[in-house]
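S.K.: Structure below; questions to follow.
Any read-out appearing in this document is the output of simple, stated calculations on the displayed coordinates, not a laboratory observation. These figures come from a predicted structure and were not determined experimentally. Cβ placement follows ideal geometry from the backbone for every residue including glycine, while neighbour counts extend to all protein chains displayed.
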Amino acid sequence: MSQEVLVQVRGVSKSFGGVKAVNNISFDLVKGEILGIIGPNGSGKTTLVNIITGFVKPDSGKVFAMGKELTKLEPHKIADLGITRTFQIMRPYYTLSAFKNLIVPLYSPRVKRASGGKLGDRDAVAIDLLEEIGFERDAFVPYKLASALPQGYLKRLELARCLALRPEIVIADELFSGLSMSEIATMVPIVERLQMDGMTLIMIEHRLRELFRVANRVMVMNFGEKIAEGTPEEVMENETVKEAYLGMEAVV
Amino acid sequence: MGIFALLALIFDFLTNFVGIVNLGGALFIGTGGYISGVLNSYFGLPLVLTIPIATLGGALISTLLLLPCLPIRGIYFAIVSLMYPLMLYRIIEALNIFGGTDGISALATFPNIWVDQYLIIAVVLITLFALRRLVNEDFGLVLRGIKDNDQAVRASGISITWYKTQAVFIASAIGSFAGAYLTHLYGWVGLSLFALDFSILPIAATVLGGMGTLVGPVLGAFFLTPLNEILRAFGPLRMVFYSLILVAFIVFKPEGLMNYFQRKYHQFEHWIEV
C-alpha cells in the first residue's frame with residue numbers, strides 16, 4: 001500500500017462547556033485504508049468527525065487535506081473536496097422517495113464537475129446506485145417513500161447519499177449500529193468493496209468484531225483523548241484499552 | 001383576492017418546501033408596491049415598466065434584507081421576518097419619505113377592468129403551476145432536502161445558503177409583483193402596504209387550504225377573502241368571527257381542506273379496488 005497521507009489531523013481540541021469532548025488528537029489517514037475509531041459512549045468520536053467535516057469548529061488544532069486547511073472551510077466546501085460522512089442519527093428526506101433522496105447529492109457542484117455536465121438521467125443513476133447497495137429494484141424498494149423504509153435500508157440510503165457524491169473519503173459514523181446481525185452481514189461486503197474500489201474510509205463503530213474484520217488500523221479514544229492506535233491485533237492486546245473499554249466486559 | 005392567493009402560495013412554498021417560516025409577507029408587498037409607486041410618480045415611468053422593475057427590484061431588496069437572517073432557523077427566522085415590514089413602516093413614517101403617512105396618490109391605474117381582473121388570475125394560475133413543477137424538479141428536490149435535513153444537504157456538498165437565497169428570491173419576486181399590482185390597482189401607495197394583514201391572512205389561508213399542497217392555499221385565499229368582506233357587516237366584531245373560524249379549523253381540521261380531500265379521495269379509490 002502506498003503511504004500517501006490524505007488527511008492530517010493535528011492537535012485538535014474542542015470543549016463544550018467544561019467538558020473536553022476532544023482533547024489534543026492527532027492522526028494521519030493514509031490513502032486506501034480503513035481506519036476504525038472506537039471508544040466508549042461520549043468519548044468524543046462523533047465530535048471528531050464533526051470537526052473533520054467542518055460542522056464544528058475546533059477550539060485549537062488544525063485539519064489538513066488535499067492541500068487545504070479543512071478547519072477554515074464550510075461543511076459544503078469540505079464535501080465538495082470529496083470528504084463526506086454519514087450521520088449517526090439518520091434523517092433522510094422523508095417526503096421524497098428513496099431514489100429521489102439521491103438527486104440532492106447528484107445535483108451538487110462536485111458531481112456536475114466530475115461528470116462534465118453529462119450525467120444523463122439523474123433518476124436512472126440514482127436507482128442504479130441504490131441497486132448496487134442492496135435496494136431490490138424488482139421489489140420496487142428504490143421507489144418507496146423514505147419514511148416507509150426500515151432501519152437497515154435507511155443506513156444504506158445514508159451511505160448511498162455519500163457514494164452519490166463520488167467521494168474520496170467516506171466517514172461512516174456508526175454504520176453498523178442498530179442493525180440486525182443479518183443486515184450487518186450484508187453491509188460488511190459493501191464496505192469491503194468500497195475499499196477495493198480505492199476509497200478511503202474512517203469507521204466509527206461499537207461493533208468491534210465486524211470492525212476488526214474490515215479495518216486496517218484502529219484508533220481508540222476515551223474521554224476525548226487518543227489512548228491507543230495500531231492494527232486491530234495490537235489494539236486488542238493493549239493494556240490501557242482493555243482497562244478503558246474492553247475491560248468492562250471482563251468484569252461483566 | 002388574487003394578491004392573498006399569491007402571498008399564501010409563497011408562504012406555503014417557503015414553509016413546506018424550503019423550511020423557511022416567513023411571517024413577513026407584507027415586506028414583499030411593501031417593497032414591490034413602493035418601488036413601483038415611486039418609479040411611476042417621481043420618474044413618470046409607465047405601468048408596463050414599473051411592474052416588472054418593481055418585481056425584480058423588490059425581490060432584490062427583500063432578499064438582501066433577509067439574507068443575513070437565513071442561517072437562523074425556525075421560529076427565530078419567523079420573528080425576524082415579522083419585524084421587517086413593521087420596521088420599514090416606522091422608517092417611512094419617521095423620515096417622512098415617499099409621501100410619509102399620506103402615501104403617494106394619483107398613480108397610473110390599469111387601462112380597463114378586464115386587464116386588472118384577468119391579469120391577476122392569470123398570474124396566480126401561472127405561479128401555481130410553475131411552483132408545483134418547480135418542487136418536483138431537481139432544483140426543488142434540493143430545496144425539499146433542505147427542509148427535511150439541512151445537515152445532510154451540506155454534507156452533500158451543496159451550499160444551503162445559496163439555495164435558500166434563490167428560493168427567497170423567487171418567493172419575493174412573486175410577492176413584489178403582488179405589491180406592484182396592488183399599487184396600480186388602487187393608484188395609490190401608502191403605509192398600509194406594510195400592514196399586518198398581508199402577513200397574517202395568507203397564513204390563515206394556508207392553514208385553511210392545507211399545508212404543503214400549493215393549490216390549497218389558493219383555494220383558502222379564495223374562500224377567506226370573500227368571508228372577510230361578508231364579515232365586514234359585523235363591524236368591529238369581524239375579527240372575532242374570523243379568529244373563531246380559524247381556531248375551529250386548527251382544532252378540528254389542522255391538516256387543512258386540501259389534505260383532507262386528498263386523503264378521502266385516495267380512500268375512495270381504494271374502496272372501489274376492493
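S.K.: Sort out which residues of region A:99-131 are aromatic (F, W, Y) and over 12 Å from B:I158 (Cα atoms), and write them in order of number.
M.R.: Selection gives A:F99 alone.
S.K.: Suppose we keep only residues that are among the aliphatic types (A, V, I, L, M) and in contact with a strand residue (DSSP E or B) (Cβ under 7 Å, 6 or more places away or on another chain) within region A:160-188. Which one would you say is farthest from the other protein chains (Cβ to nearest Cβ)?
M.R.: A:L175
S.K.: Inside region A:34-63, can you point out the residues that are touching a helix residue (DSSP H, G or I) at 6+ places or on another chain (Cβ under 7 Å) and farther than 20 Å from A:L175 by Cβ?
M.R.: A:G54, A:V56, A:K57, A:P58, A:K62, A:V63
S.K.: Sticking with this one: When both residues are 6+ apart or on different chains and their Cβ atoms are under 7 Å apart, which pairs have a first residue that lies in region A:138-162 and is crowded, with 23+ Cβ neighbours inside 10 Å, and a second that is polar (S, T, N, Q) and assigned to a helix (DSSP H, G or I)?
M.R.: Listed by first residue and then by second, the contacts come to A:L157/A:N101; A:R161/A:N101.
S.K.: I would also like to ask the following. Answer yes or no as to whether B:F261 is farther than 29 Å from B:G32 by Cα, in contact with a helix residue (DSSP H, G or I) (Cβ under 8 Å, 6 or more places away or on another chain) and surrounded by fewer than 17 Cβ atoms within 10 Å (Cβ to Cβ).
M.R.: Here the answer is no, as B:F261 does not meet what is asked.
S.K.: Restricting attention to region A:55-72, report how many residues are closer than 27 Å to A:R193 by Cα and either more than 17 Å from the chain's Cα centre (by Cα) or crowded, with 22+ Cβ neighbours inside 10 Å (or both).
M.R.: 2
S.K.: What do you reckon, is A:V63 among the aliphatic types (A, V, I, L, M), in contact with a Ser or Thr (Cβ under 7 Å, 6 or more places away or on another chain) and in a strand (DSSP E or B)?
M.R.: Criteria met by A:V63.
S.K.: Working only within region B:164-179, note down all residues that are within 14 Å of another protein chain (Cβ to nearest Cβ) and either β-branched (V, I, T) or in contact (Cβ under 8 Å) with a residue 60 or more places away in the chain (or both).
M.R.: Answer for region B:164-179, where residues must be within 14 Å of another protein chain (Cβ to nearest Cβ) and either β-branched (V, I, T) or in contact (Cβ under 8 Å) with a residue 60 or more places away in the chain (or both): B:K164, B:T165.
S.K.: Which of the numbered conditions does A:T86 fail, given that it passes all the others? Conditions: (1) within 11 Å of another protein chain (Cβ to nearest Cβ); (2) among the β-branched types (V, I, T); (3) out of contact with any helix residue (DSSP H, G or I) (no Cβ under 8 Å at 6 or more places or on another chain); (4) over 28 Å from B:M211 (Cβ atoms).
M.R.: Among (1) within 11 Å of another protein chain (Cβ to nearest Cβ); (2) among the β-branched types (V, I, T); (3) out of contact with any helix residue (DSSP H, G or I) (no Cβ under 8 Å at 6 or more places or on another chain); (4) over 28 Å from B:M211 (Cβ atoms), A:T86 violates only (3).
S.K.: For region B:145-209, which fully contained helices (runs of 4 or more DSSP H) count at least 1 residues that are crowded, with 24+ Cβ neighbours inside 10 Å and touching a Cys at 6+ places or on another chain (Cβ under 8 Å)?
M.R.: Here the list reads B:150-155.
S.K.: So in region A:108-148, with the set limited to residues that are part of a loop (DSSP other than H, G, I, E, B), under 23 Å from B:N136 (Cα atoms) and under 21 Å from the mean Cα position of the chain (by Cα), which one is farthest from the other protein chains (Cβ to nearest Cβ)?
M.R.: A:F135
S.K.: Here is a further query. Whether any residue in region B:116-139 is acidic (D, E), within 14 Å of chain A (Cβ to nearest Cβ) and buried (at least 18 other Cβ atoms within 10 Å of the Cβ) is what I want to check.
M.R.: So far as region B:116-139 goes, no, none of its residues is acidic (D, E), within 14 Å of chain A (Cβ to nearest Cβ) and buried (at least 18 other Cβ atoms within 10 Å of the Cβ).
S.K.: Which is surrounded by fewer than 21 Cβ atoms within 10 Å (Cβ to Cβ) and in a helix (DSSP H, G or I), of A:E210, A:E183?
M.R.: A:E183
S.K.: Going through A:P105, A:P75 one at a time, which residue ends up being over 21 Å from A:K14 (Cα atoms) and either surrounded by fewer than 14 Cβ atoms within 10 Å (Cβ to Cβ) or within 11 Å of chain B (Cβ to nearest Cβ) (or both)?
M.R.: Answer to the selection: A:P105.
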